[in-house]
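Before any comments, here is the structure.
The values are calculated or read from the model by the stated rules, or taken from the named source; none is laboratory data. Please read all numbers here as calculations on a predicted model, not as lab measurements. So basically every Cβ, Gly included, is an ideal-geometry build from the backbone, and we count neighbours across all protein chains shown. What goes into the accessible areas is simple: the full protein's heavy atoms, side chains included, and nothing from ligands, DNA or RNA. Shrake-Rupley method; radii C 1.70, N 1.55, O 1.52, S 1.80 Å.
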Amino acid sequence: MENLEQFRADTREWLEANCPEDMRQPMRSDEDQCWGGRNWVFKSEGQKLWLERMAAKGWTAPRWPAEYGGGGLSGPEAKILGEEMARIGARRPLSSFGLDMLGPALLLYATEEQKQQYIPDIINGKIRWCQGYSEPNAGSDLASLRTKAEDMGDHYLINGSKVWTSYADKADWIFCLVRTDFDCPKHEGISFLLFDMTTEGVSTKPIKLISGTSPFCETFFDNVQVPKTQLVGTLNKGWEIAKYLLTHERAMIGGFGLAGGGMKGMGQMAAAKRGTKDGRLRDASLRAEASAFEIDEMAFGLTIERITDETKAGQGTGASSSILKMYGTELNKLRQELFMAIGATDALNFDTDSKGALVRSWLRSKANSIEGGTTEVQLNIIAKRILGLPA
């Protein structure tokens, strides 16, 4: 306990000295997130410094092994780091599919050479990744993918396409599921490849959404040559990696249910916008809704913590990520509804510096219960794999 108290004191002192002031402000929109990568243009000197300083300590990936550049923190230490960042409203220094999805899969399935090559760049934000999973006409049936990789001796030759590839037009590399054997059950004969998006034959096309922005893309592969050294795991056994990675994707999306990016509590924001009377939020109805939301948010945060501890202790199942995904997305949609209620007609204003950020986030949140596996898919997983209900 004494060591943890000292760790908290040291962490608090370091964060106070090293977190730039503009990185302690709430994010106004997705554009304030730092994604890193070869082509990233930092929005401010503070954003650049914050990433560099946190990455140097390995605190962009606080629980990853120090030998690959991670923080090497224990669970209680990582929790303290999170609490101290929240205390000063510090933004997450790096948003990254490499951190939230690919990295954990590499730590478990990659060769030592692959770990040394890819993981430090993920931690330092040097490479921005996208996910090559979904395909046209496949819906939620991910294993029906048709993109093929042919064995050409020293490399694989890839042809096919993906859809709903988030930020494919901005990513440096892709982690991609390909079919390497068509003469077997559909969950077999799948392999997991990594390759550079600048490889000849790779192209992308953005898909516009109702929110007005375009995070999603179509991605096309036309005779793309990928060295065999970029296969992760065993040939034709990529479905196992795909499933493991999906548990992390679902947990990541579920994390949308928690406030982040230096954001204040719902009650504080409502009070600041609507005013107070006798020290309480003036609007009684909104006060009740904000209070109920904060209680649900706190319970959800504790559930994440419990499931994380159980998973690291070898208890529970990977299917628990479906609980986080399902409830976290519903919580985030409720948060966006409350933001709109708090903002009232002002929330619809596009003629400001934020350019309609509130209404765009509200519209964007509708996709949370579709992306990464629909809510219906998650409920089926919970029913079968956690509750043990008959099919």
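Side notes on the structure shown:
- Scanning the stretch 87-106 for residues that are closer than 25 Å to E45 by Cβ and either among the polar types (S, T, N, Q) or touching a residue at least 40 places away in the same chain (Cβ under 8 Å) (or both) yields R87, I88, G89, A90, R91, R92, P93, L94, S95, S96.
- Condition check for G70: in a loop (DSSP other than H, G, I, E, B) and either hydroxyl-bearing (S, T, Y) or on the phi > 0 side of the Ramachandran plot (or both): no
- Residue in the stretch 164-174 that is assigned to a strand (DSSP E or B) and within 20 Å of I127 (Cα to Cα) present: yes
- Flag not set for P93, criterion: part of a loop (DSSP other than H, G, I, E, B), surrounded by 16 or more Cβ atoms within 10 Å (Cβ to Cβ) and touching an Asp or Glu at 6+ places or on another chain (Cβ under 8 Å).
- Residues of the stretch 23-47 that are surrounded by fewer than 16 Cβ atoms within 10 Å (Cβ to Cβ) and assigned to a helix (DSSP H, G or I): E31, E45.
Conditions (1) charged (D, E, K, R); (2) surrounded by 21 or more Cβ atoms within 10 Å (Cβ to Cβ), marked per residue:
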position	(1), (2)
W64	no, yes
P104	no, no
L108	no, no
I122	no, yes
C130	no, yes
E150	yes, no
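- Any chance T219 is in contact with a Cys (Cβ under 9 Å, 6 or more places away or on another chain) and either at pLDDT 95 or above or not in a strand (DSSP E or B) (or both): yes
- Some residue of the stretch 129-137 being under 20 Å from D181 (Cβ atoms), among the polar types (S, T, N, Q) and part of a loop (DSSP other than H, G, I, E, B): no
- Of everything listed in (1) over 20 Å from G70 (Cβ atoms); (2) open to solvent by 30 Å² or more (accessible area, probe 1.4 Å); (3) free of Cβ contacts under 8 Å to residues at least 60 places away in the same chain; (4) not polar (S, T, N, Q), the single unmet condition for W164 is (3).
- Scanning the stretch 167-215 for residues that are of a type in the set (K, R) and free of Cβ contacts under 8 Å to residues at least 60 places away in the same chain returns R179, K186, K205, K208.
- Considered as a group, the residues in the stretch 278-330 that are of a type in the set (G, A, S) and within 20 Å of S74 (Cα to Cα) include one that is least open to solvent (accessible area, probe 1.4 Å), and that residue is G301.
- Subset tally (residues that are within 16 Å of G254 (Cβ to Cβ) and either open to solvent by 20 Å² or more (accessible area, probe 1.4 Å) or among the polar types (S, T, N, Q) (or both)) for the stretch 332-363: 4
- Scope the stretch 183-213; condition more than 18 Å from S134 (Cα to Cα) and either assigned to a strand (DSSP E or B) or at pLDDT below 95 (or both); matching residues: D183, C184, P185, D196, I210, S211, G212, T213
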